[in-house]
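Data first, discussion second: the structure below is written as structure tokens.
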Amino acid sequence: MAEPDPTIHICDDWIHIGLPDRKMVPAVQTALTAGDHWTEIVPGLDSIAVQFDPALISPDDAAESLRDRLAGKPPRLKESENIVVIPVCYEDNLAPDMKYVAEKLGIPPISVPSWHTAQAHRVAMLGFMPGFAYLESSEEIADIGRLVSPRQLVKAGSIGIIGRQSCIYSFDSPGGWPIIGRTPLRLFDPAKPRPALLSAGDTVRFESISRHAFDRLQQGQQQ
Amino acid sequence: MEILNAGLQTTLQGAPFTGHRHLGMPAAGAADCLSLALANFLVGKPQGAVAVEITLTKATFRFSTPCSIGLVGPAEYIRINGKDRPRHETLTFAAGDMLDIGPGRTGCRTYLALSADLEAESLLGGQSTYLAAGLGGFHGRALRNGDIIPLSRTSLAPNVARSTPSNLRPHYSDDHVLRITPGPEAGKASEEILKNLCLRPYAVGARASRMGIALEGALLRGGQSSDMPSAAVFPGTIQLPPSGQPYLLGPDAQTTGGYPRIAQVIRADRHLIGQLAPGSRIQFVETTTERATDIYRDKLALLSSWLGQIKLW
């Protein structure tokens, strides 16, 4: 089975590795973590970039080392077995765009939570803000577009949805994703040994909770 | 240390956060790491120690404890109790002294390093301020009038009296040359993109922050792609959004982006991004990765004659 080779592009202190299959990203990330030269290893949706210190290794040598690593055993597509359950309250003011999304889906707003929780989501990557997760749904989904004008303030924990992607906001920030609910969980806690709740490759299951449960869990998080 | 006038945007900044970009944690840290290193050296501190980064406008501080300071940057003047003092030299302070730092006429950011340690929030191995998420530094935010930053007297840096050699004092200008290498998407759509980027100077627009800078000048056509899967970006990456107006990323840049990455400012020149102010002009010049490495290593060799072991980011 001839997989096309990864493509690489060399900048003066980082290298872009384009991968033929986006499912390879977590495995390649793991394979590279063992290397000595990389100060950053950053997954994209279908690529990975590594950064290095050009005082210590030249770009050409870095690329050579990278090719060696990638030419070894092709990283097996080992899916992450990590399943994270994310409680979400889909109610009221925590879901300001529920009507818009329901209309796009052609179902009543009250049916959106069970529709959303029935899907398996995979964490495609983290980005935008610390711990902010981009999720891909297992289902093909109707055309839900970005908000015409982004909100100045989207609260931390908000769940957004665009097409087959969902996202979870990790901090209060501006944002343009239609919002259908909010989780009381903290997506990024720098005091923890693993600061980000989610990692690329994880499977996410959403679980619908009441407003009462949301408030209680949020209080528990703050203590 | 009491903040009497915080100015436009004054934050605590030192070394960047490293090794956490896969979690979405950006670099943050001093936008001009060279000026920071020079300032810290004047007070005997390591190059990445947390200092005060002052942006464009003037700022005023009062000290409750004696300490020494170093000021490096484009600030027009530095006054202690109203009396002009030199930049680029170790200055000493008595308790109750007032420090006035002037606005930058050219350039953008001035660094105030102290021999005493500024109390800053520690996370992920760093103490710099990351404004967008409200992390690090002084409660994760820019300083305000009336803030008091505790100074620790227990870990005073060694007593030094230094003066930066004149050949190492940065020239703060509104005209910059930034060298670039092609980014991963440079050649995908059009060979002309980089040629046009380097043809005439760009101006720094009003939309300029630690996250990034909108570049005003010739619109670049042909490189846009609306469906590029998000991929890693770094400080110094030049993106090309659909508008055709290139966007230069700064130290607080997010870790991934969905716009074509047409160019990357080389590491040796990246500290200059911290001195770009609205209205500054930038001439981009294309170079190769081999040449970029030589330039970087030569620059480090020159700086190490004064600063010792150093790196830029």
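Laboratory data are not the source of any read-out in this text; all were calculated from the coordinates shown. Everything numeric here is computed off the predicted structure, so don't read it as measured data. In this analysis, Cβ positions are derived from the backbone assuming ideal geometry, glycine residues included, and neighbour counts consider all displayed protein chains.
In the range A:16-115, which trypsin sites (Lys or Arg not before Pro) fall in coil by DSSP and have 12 or fewer other Cβ atoms within 10 Å? Mind dumping the intermediate values first?
Values: sites: A:Arg22, A:Lys23, A:Arg67, A:Arg69, A:Arg76, A:Lys78, A:Lys99, A:Lys104; in loops: A:Arg76, A:Lys78.
Answer in residue order: A:Arg76, A:Lys78.
When the convex hull of the C-alpha atoms of chain A is computed, what volume per residue in Å³ does it have? Don't skip to the end; give the middle numbers.
Numbers: hull volume 33.5 nm³, N = 223.
Hull volume over Cα atoms, normalised by residue count, gives 150 Å³.
Please state, to two decimals, what the Cα-based radius of gyration of the protein assembly as shown comes to when divided by 2.2 N^0.38 Å (N = residues).
Numbers: Rg = 24.2 Å, N = 536, 2.2 N^0.38 = 24.0 Å.
Cα Rg divided by the expected 2.2 N^0.38 Å: 1.01.
Taking the range A:1-132 on its own, what percent of its Cα-Cα pair distances exceed 19 Å?
61
By counting other Cβ atoms within 10 Å of each Cβ, how are B:Thr181, B:Thr164, B:Thr129, A:Thr33 ranked from fewest to most?
Working: B:Thr181 23, B:Thr164 20, B:Thr129 29, A:Thr33 10.
With the sparsest Cβ surroundings first, the list reads A:Thr33, B:Thr164, B:Thr181, B:Thr129.
Under 8 Å for C-alpha pairs, at least 6 residues apart: give me the relative contact order for the range B:2-168, rounded to a whole percent.
Details: 454 pairs, mean separation 49.7, N = 167.
About 30 percent, as a whole number.
Just need log10 I(q)/I(0) for the range B:99-246 at q = 0.21 Å⁻¹, Debye formula, equal scatterers on the alpha-carbon atoms, no solvent, rounded to two decimals.
At q = 0.21 Å⁻¹ the computed log10 ratios are -1.40.
For helix B:289-307, what angle does its Cα long axis make with the longest principal axis of chain B, in degrees from 0 to 90 and rounded to 10?
Compared with the principal axis, the helix lies near 10 degrees.
Please report the net charge: other residues with Cβ closer than 10 Å to the Cβ of A:Gly175, K and R +1, D and E -1.
Numbers: positive: A:Arg146, A:Arg151, A:Lys155; negative: A:Asp172.
Summing Lys/Arg as +1 and Asp/Glu as -1 gives +2.
What does the charge add up to near B:Leu178, with Lys and Arg as +1, Asp and Glu as -1, over the other residues with Cβ less than 12 Å from its Cβ? Please report the intermediate quantities before stating the final value.
On the way: positive: B:Arg179, B:Arg267, B:Arg270, B:Arg281; negative: B:Asp175, B:Asp269, B:Glu286.
That sum, taken over residues with Cβ under 12 Å, equals +1.
Relative contact order of the range A:6-71: what whole-number percent is it, with Cα pairs under 8 angstrom and at least 6 residues apart?
Working: 97 pairs, mean separation 22.3, N = 66.
This gives 34 percent for the range A:6-71.
When only Cα pairs under 8 Å and 6 or more residues apart are kept, what is the percent relative contact order across chain A? Mind showing how you got there, number by number?
Numbers: 443 pairs, mean separation 45.1, N = 223.
After rounding, I find 20 percent.
Over every pair of different alpha-carbon atoms in the range B:175-307, take the mean of 1/r and invert it; report that Kirkwood radius in Å.
Values: mean 1/r = 0.0669 Å⁻¹.
Taking every pair of different Cα atoms in the range B:175-307, averaging 1/r and inverting gives 14.9 Å.
Classify the range A:180-223 as rounded, prolate or oblate, taking a ≥ b ≥ c as the square roots of the eigenvalues of its Cα gyration tensor: rounded when a/c is under 1.5, otherwise prolate if a/b is larger than b/c and oblate if not.
Values: a/c = 3.09, a/b = 1.27, b/c = 2.44.
Oblate, because a/c is 1.5 or more while a/b does not exceed b/c.
Compute the acute angle (0 to 90°) between the alpha-carbon long axis of helix B:33-42 and the principal axis of greatest extent of the alpha-carbon atoms of chain B; round to the nearest 10°.
20
Extent of the range B:2-168 along each principal axis, from alpha carbon coordinates, in Å, largest to smallest?
Answer, in whole Å and largest first: 47, 37, 35 Å.
Starting from the amide H of A:Phe132, placed 1.01 Å from N in the peptide plane, find each other amide H under 5 Å away whose residue is 5 or more places distant or on another chain.
Distant-sequence amide H within range of A:Phe132: A:Gly127, A:Ser170.
Considering the zone a paramagnetic label at A:Leu217 would reach in this model (a point 7 Å from Cα along the Cα-to-Cβ line), which residues of the range A:143-183 have amide N under 19 Å from it?
Label zone hits: A:155-161, A:166-172, A:179-183.
Counting partner chain Cβ atoms within 10 Å of every residue's Cβ in B:118-129, what's the average? All intermediate terms of the calculation are to be shown ahead of the outcome.
Numbers: counts 0, 0, 0, 1, 2, 5, 4, 1, 1, 0, 0, 0.
Rounded to a whole number, the mean comes out at 1.
Hey, what do the phi angles of the range B:113-121 turn into as Karplus ³J(HN,Hα) couplings, whole Hz, using 6.51/-1.76/1.60 and θ = phi - 60°, x for Gly and Pro?
9, 10, 5, 6, 8, 6, 6, 9, 5
Report, by chain and number, residues whose modeled amide H sits under 5 Å from the one on A:Asp53, excluding near sequence neighbours (fewer than 5 apart, same chain).
Counting only residues 5 or more places away or on other chains, the set is A:Thr39.
In nm, give the distance between the simple-model label positions of A:Asp61 and B:Asn159, each being 7 Å from the Cα along the Cα-to-Cβ direction.
That separation, rounded to one decimal, is 4.4 nm.
In a Debye calculation with equal point scatterers on the alpha-carbon sites of chain B and no solvent, what is log10 I(q)/I(0) at q = 0.09, 0.10, 0.12, 0.15 Å⁻¹?
-0.44, -0.55, -0.78, -1.17
Using the Karplus equation 6.51 cos²θ - 1.76 cosθ + 1.60 (θ = phi - 60°), what ³J(HN,Hα) coupling, rounded to whole Hz, does each residue of the range A:155-166 give in order, writing x for Gly and Pro?
Per-residue couplings from phi come out as 6, 4, x, 5, 9, x, 9, 9, x, 8, 9, 10 Hz.
Alpha carbons only, please: Rg and Dmax for the range A:7-71, in angstrom.
Reported Rg and Dmax, both Å: 10.7, 33.
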